[in-house]
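Here's the structure we're looking at; comments come further down.
The values are calculated or read from the model by the stated rules, or taken from the named source; none is laboratory data. What you are looking at is a predicted structure, and each value in this text was computed from that prediction instead of being measured. Every residue, glycine among them, receives a Cβ derived from its backbone with ideal geometry; neighbour counts consider all protein chains shown. Only protein heavy atoms, including side chains, enter the accessible area calculation; ligands, DNA and RNA are left aside. Shrake-Rupley method; radii C 1.70, N 1.55, O 1.52, S 1.80 Å.
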Amino acid sequence: MARIVGGLTTSHIPAIGNAIARELFEEPYWKPFFAGYPPVLAWLDKVKPDLAVVTYNDHGLNFFLDKLPTFSVGAAAEYRHADEGWGLPVIQPFQGDAEFSWHLINSLVADEFDIATCQEMLVDHGFTVPMSLCWPEYEKFPIKTIPICINTVQHPLPTPARCYKFGQAIGRAIESYEKDLKVVVIGTGGMSHQLDGERAGFINKEFDLMCMEKIVDEPESLTRYSIHELVRLAGAQGAEFILWLAMRGALGNKVRKIYSNYHIPISNTAAGVLVLEKE
Ligand code: DHB
Ligand code: FE
């Protein structure tokens, strides 16, 4: 049977993709940020997942405001990166696992999640930046991937509670897959940030650190926020924290924190990374 080896979350700021492409690892601005990742790589090297199920948000590449599903699941053999406007160099395609995708899709629909199924899906920085951070040294990514988009772009957004339940359904789907696969669940985005309007540049360190702590043992306390409360506390784009809650839902009740790091700011955003294992 498939088994969840753990979950990880990381911010997906486009500037990180640019810094990776230009190899700015030792620059004073970037050094403390990249210093947060070797323990993540060591953990991935230890658990050696075969498949990454990635909950992220599309930023106007694959879906636009005219047609925007709340939840959508990739069901392709391959996912190509394309530039949605940040000018990041296009990286190599990601291998999918269509058979696993259709199991996941069937299981989610049976579990009453009315998702969009995508036999073609382009992936943007919300997907590629975390993958480049987690598997930096490879010509070809050594892992199959399943992209799952959650709308954080156009209101109404799904609530934190809904995303947590969606994650629980993802977890049930993974653990009912018959093949022996080691699966890592990755949530991307966050932490607090607001890119536009009067509060552009808004960061809420106290709220972020509280979320990083509570998501380990008391995730349900974080599901009580409404989207509007989350926007007020974490910024308009800080609502991407719902993607972390989806990851956390997939891991089940008891988890153990392996590692976390928090660094502000990168671009306009508080950058957080967290690794959890199922108990
Ligand atoms: C930034 C952060 C994001 O999450 C994003 O999707 C785009 C830009 C930023 O801080 O620059
Ligand atoms: Fe984003």
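Quick look at the numbers
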{"read-out": "Heavy-atom accessible area per residue - segment 3-278, 1.4 Å, Å²", "value": "43 Å²"}
{"read-out": "Proximal charge balance of Q237 [Cβ under 11 Å; K/R count +1, D/E count -1]", "value": "-1"}
{"read-out": "Global geometry of segment 1-113, whether rounded, prolate or oblate, following the gyration tensor of its Cα atoms and the 1.5 cut on a/c", "value": "oblate"}
{"read-out": "Distance in nm between pseudo-label sites at L195 and L68 (7 Å out along the Cβ direction from Cα)", "value": "1.2 nm"}
{"read-out": "Carbon + sulfur, % of accessible area of the chain - ligands and nucleic acids excluded, 1.4 Å", "value": "50 percent"}
{"read-out": "Rg/Rh (Cα only; Kirkwood hydrodynamic radius) as it applies to segment 3-278", "value": "0.92"}
{"read-out": "Prolate/oblate/rounded label for segment 101-178 (Cα gyration tensor, a/c 1.5)", "value": "oblate"}
{"read-out": "Residue-level accessible surface for D180, protein heavy atoms, 1.4 Å, Å²", "value": "130 Å²"}
{"read-out": "Cα gyration tensor category, rounded, prolate or oblate, for segment 51-137 with a/c compared to 1.5", "value": "oblate"}
{"read-out": "Globularity ratio of segment 64-196, using Cα Rg and 2.2 N^0.38 Å", "value": "1.07"}
{"read-out": "Efficiency of FRET from Cβ geometry, E175 and V47, R₀ 22 Å, rounded to 0.05", "value": "0.85"}
{"read-out": "Mean ellipticity per residue at 222 nm, deg cm²/dmol - from DSSP H runs of n ≥ 4 across the chain, formula -39500 (n - 2.57)", "value": "-10000 deg cm²/dmol"}
